[in-house]
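The values are calculated or read from the model by the stated rules, or taken from the named source; none is laboratory data. Since we're looking at a predicted model, the values are computed, not measured. Cβ sites come from the backbone with ideal geometry, for glycine too, and all protein chains shown count toward neighbours.
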Amino acid sequence: MSLANQLADDCLLGIMSENEKLIQVYTDKELKQVMSAYPESILVYNQSPQSIQIRDTIEYSDGQKNIEVFQETKGVFGLRAYRQIGKIQTPVTLELSD
């Protein structure tokens with residue numbers, strides 16, 4: 001979330017690996033390579049035009065997990081989670097656990 005706050009108007013796009021480390025990417029080629037290397041990873045992105053443009057080039061595999069970081073009010077962030085089921089991104093409920 002701190003990175004999302006720093007990049008509020010810039011592209012936030014990357015893969016969260018299984019150890020919850022974010023691997024940030026800047027091009028569709030990088031994204032495809034990282035997604036291939038980490039097939040069980042979660043795609044993390046914000047609503048910047050560059051992020052949306054790159055995401056639109058990706059063909060999601062069934063079961064792909066995505067987290068969208070969104071900002072409705074300056075400084076107030078939220079998360080939306082999705083899972084690819086067939087050709088549809090289906091909303092998923094996020095739960096905080098320690």
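Counting only strands (runs of 3 or more DSSP E) wholly contained in segment 28-97, the ones carrying 1 or more residues that are modelled with pLDDT under 90, buried (at least 17 other Cβ atoms within 10 Å of the Cβ) and in contact with a helix residue (DSSP H, G or I) (Cβ under 7 Å, 6 or more places away or on another chain) occupy 65-73.
Whenever a residue of segment 1-23 is farther than 11 Å from TYR38 by Cβ, its partners that are among the small types (Gly, Ala, Ser) and modelled with pLDDT under 85, lying with C-beta atoms within less than 7 angstrom and at least six residues away or across chains, give the pairs LEU12/ALA4. Of the residues making up segment 20-56, those that are of a type outside the set (A, V, I, L, M, F, W, C) and over 20 Å from ARG83 (Cβ atoms) are LYS21, GLN24, TYR26, THR27, ASP28, LYS29, GLU30, GLN33, SER48, PRO49, GLN50, GLN53.
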